[in-house]
Every structure is written in C-alpha cells, then in structure tokens.
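Here the structure comes first, spelled out in structure tokens, and everything after it is commentary.
The values are calculated or read from the model by the stated rules, or taken from the named source; none is laboratory data. Keep in mind that what you see is a predicted model, and the values were worked out from it rather than measured. Here the Cβ positions follow ideal geometry from the backbone for every residue, glycine too, while neighbour counts run over all protein chains shown.
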Ligand SMILES: [Zn+2]
Ligand SMILES: [Zn+2]
Ligand SMILES: [Zn+2]
C-alpha cells in the first residue's frame, strides 16, 4: 500500500491521500474482501467463493446451503465455510446476510486475531460503526439482529461480548460494500473492505471503485497529485445537491460539504425548464415534478410486476407532459427516458428506444463527470440500441465513447469492457462496410436479421442504481 496513506481529513475523520501521482484509469489499490457473503435471495444462484453467477452450481453436501462453481471454488472457500457449514447444519437453516457476514468476520477474528491483516491500513476494530447515531428504528433492528446472531453462533466458537458484536453489526450497516456479478449488472452480495472504508465521499470524486475478479479496485478518474485526498461517490450524482445530502445523512450519517453541494453546481441543469417561449411558472414546474414522482412510483410497481406495456404507456404519457415544461437535462425527464428506452428495446421497439436513449445520453453527458461509470454504462446501452436499430454511425460512436469511459472505470480486463471491445470492433467493421456501400450494408443487415434473431436485450431489472455501500433502505 505504498500508493496511499492515512491522514486526518479536516471535519471528516480519517481519509486516504495519494502518495504518488496517478492518471486516469490507474489502479491505486486492489483489495480482497475481509469477509463477504451472497445475498439471501441469490444463495443458490451465485458462487459463495468467487461471486460469479452460473446456471448450475454445486451444492455443499453437508449444509446444502452453500453453492459453488466447482470443486476448486468449494475447496478454496472451505476454510471460511467450515464453521458456517456446521452452524447452518445444526440450526437447519441459514440466518440472513447480515448475520452471516457478522459470523464470517468473527470466525476470521477467531482464526487470525483482531489485528491488522496483510496489506490493510486499518483493522476491523478501528472501523466506524455509527451505533451512537442510530435512530429508534435502527436500534430496534440492531437488537433483532443481535438476537438472531446469538441464536446462530455456536457455543464451541470463541465467545464475544455483546458490545463487540454490536460493533461488527454497526460496521456492516454502514460499510458493507455491494458486490456485483461478473458482468457487473446485478448486485449479488455484500463484503467488508477495510481500506476502501477509509476513502471518503465526494459528490464529484476523483476515484471510482469496481469489483472485478474477486477484488475491488480503486481507480483514478483523472490526474491525481501526491498529497491529494482520494474520494469516491457513495451515491448517484443524478440527484440535486439537497437530495444527495439528505441521502448521505440518512445512510452514512454525515453532512456533505463537497464543492458541488456547497455551490449547488449543476443543480440548475438538473432542474432545467424548457427554454424558448414563455417561461413556465414555478407552480407549473412544481406540479409536473410531483406528477413525475408519482408516475415513477407507478412505473416501479408495473415494472416489478413485469407489466411492460403498462410501463411504456405510463412513460409516454409522462414524457408528453414533461416535454412541454422541462428542459433536456432535467433529471425527472431523464429518469423517464432511461426507463422507457430500456423497456422499449426489451420489447423490440428498437427505433423509438434508440431515440429515447440518444436524448438520455445527451443529457447525461452534460451532467455526469466525463469518466463516470454510470455514464459509460448508459453510453454502452444506447450504443447497442442504435446498432440494433441499424443506426450504425451513431451506434459506433457511442460504443467508442463508452469504451473510453469503461477503460478508466472498469479497466481493460473487466468482462464488460471485453464485451464492449468486441462490440466496438464488430460495429467498426459494419460501419466501414456502410461507408463503402450503403446499399450492400442494408442488404447484408436484412439477410442477417432474417437468419438470426436479433440479440435480445436482457430483461429490465427493477434495481435502483445502488449506492456503493450496501445499506438497508
Ligand atoms: Zn466460483
Ligand atoms: Zn456447507
Ligand atoms: Zn456533496
């Protein structure tokens, strides 16, 4: 860890700063989880060692709870699973993910002691638990978790005091990092990465973090000078400053004092109203925003029930009303465009989907940091949609832009970046053909479409873009 050092960040407790110059895409450090578990809902779909998603997993014959890719992953996970295995077997069922993670941490402390592990700047004991900031509801949850933990924890394992177990549960509550599957598309588990916990938040950060091949990587988004504080964003930037601050306070117990919050940078764009013509009254704007919020709730419900035609109907209606009043970068309009383009491409209304995705990324480009991972992913989705729609020039350009972002935020070895590179190369070939002979290009495309089903987009997920740290809402 010679690239970073701990320091006392003014008003923010501890933080990390760079000791060496870094450039966009540099991996400042990589870190394995101190402990990590698969989410309750996915325990039979995701490998408990490497967190990859597979159709067919091997089940642990002892507890019938843990699942693995193969014998290799099972063997590798055995040291961590051994105690869990007998505890689950004894109880007849596994407790929830929080309890399982707390148990994994405490078994590791039992095995290795509670001090610093190799490559760590802080120990589990030194992480913040924020238990003193808990409200009544959270205190109640903590008591329930404590009870289930004590029920689960075997008498022949090392016994820890109530206060220490509360500390561990508190640490999990505010520092649990969300792990995604190998494609980076679905949140599959939660883990504790002590060094990452030391990286403070900024709404306009200089780093981002990605889970790749069993490790998290802290990657620089641009040039960072020695001595500069390293920051990541704990929340999605596409919320006005006040909303981001509220979310941060509620989930992470601090008041954001970053430049973007203090100066309200980009808030005006995020709440933009239509330009040209008569300026809509404040009352009208307030009404349409409330209407958008209500509609988004209905859309969420329809989407979670898989009633996609209803989603499309709601989006189109909302969009028609928004377009008369809101500007192109307004986040409520962009939210609708994002859902609509995703669902339309799933339903194979590919041309309308392409139009929506274009408007969406045009807005995103004006709002997001140029190397924001969400922006990169949105550009990729929009690029694929345009490509499928036969809009090869725009599609290829978007895929190239997406690739440039993902090289920084995900790195060249990440499976998504590799997929994207393959698509970029393929679309480049098609673009060349298109430029040489448009007629031939369309002929070829038609034939290809007739012979094979066009690649279907994945079913839209109802997942809210998660904060980086897993936190019960
Ligand atoms: Zn595996
Ligand atoms: Zn087992
Ligand atoms: Zn902020």
Practice item. Report yes if some residue within region 243-254 is more than 29 Å from residue 338 (Cβ to Cβ) and either within 16 Å of ligand 2 (Cβ to nearest atom) or in contact with a helix residue (DSSP H, G or I) (Cβ under 8 Å, 6 or more places away or on another chain) (or both); otherwise report no. Key: yes
Study note, to complete from the structure: Across (1) within 16 Å of ligand 3 (Cβ to nearest atom); (2) crowded, with 20+ Cβ neighbours inside 10 Å; (3) not in a strand (DSSP E or B), residue 242 clears everything bar (2)
Review point. So which of 77, 135, 119 is more than 16 Å from ligand 3 (Cβ to nearest atom) and more than 28 Å from residue 184 (Cβ to Cβ)?
Key: 135
Review point. Taking residue 109 and the conditions (1) under 20 Å from residue 151 (Cβ atoms); (2) within 16 Å of ligand 2 (Cβ to nearest atom), which numbered condition does it fall short on, given that it satisfies the others?
Key: (2)
Review point. Would you say residue 169 is at pLDDT 95 or above and under 28 Å from residue 249 (Cβ atoms)?
Key: yes
Study note, to complete from the structure: Going through region 48-82 in order, the residues found to be closer than 21 Å to residue 158 by Cα and more than 10 Å from ligand 2 (Cβ to nearest atom) are 79, 80
Check your understanding: Within region 245-265, can you find the residues that are near ligand 3 (Cβ under 9 Å from one of its atoms) and not in a loop (DSSP other than H, G, I, E, B)?
Key -> 245, 248, 259, 260, 261, 262
Revision key, fill the gap. In region 40-75, anything in contact with a helix residue (DSSP H, G or I) (Cβ under 7 Å, 6 or more places away or on another chain) and farther than 18 Å from residue 97 by Cβ is listed as 58, 62
Point to revise | Some residue of region 75-82 being under 21 Å from residue 162 (Cα atoms) and away from ligand 1 (no atom under 16 Å from the Cβ) | key: no
Practice item. Provide a single number: the residues in region 201-231 that are within 16 Å of ligand 3 (Cβ to nearest atom) and modelled with pLDDT under 95. Key: 0
Exercise for review: Answer yes or no as to whether residue 54 is more than 21 Å from residue 197 (Cα to Cα), more than 16 Å from ligand 3 (Cβ to nearest atom) and crowded, with 19+ Cβ neighbours inside 10 Å.
Suggested key: no
Study note, to complete from the structure: Those residues of region 3-45 which are more than 18 Å from residue 193 (Cβ to Cβ) and under 22 Å from the mean Cα position of the chain (by Cα) amount to 24, 25, 26, 40, 41, 42, 43, 44, 45
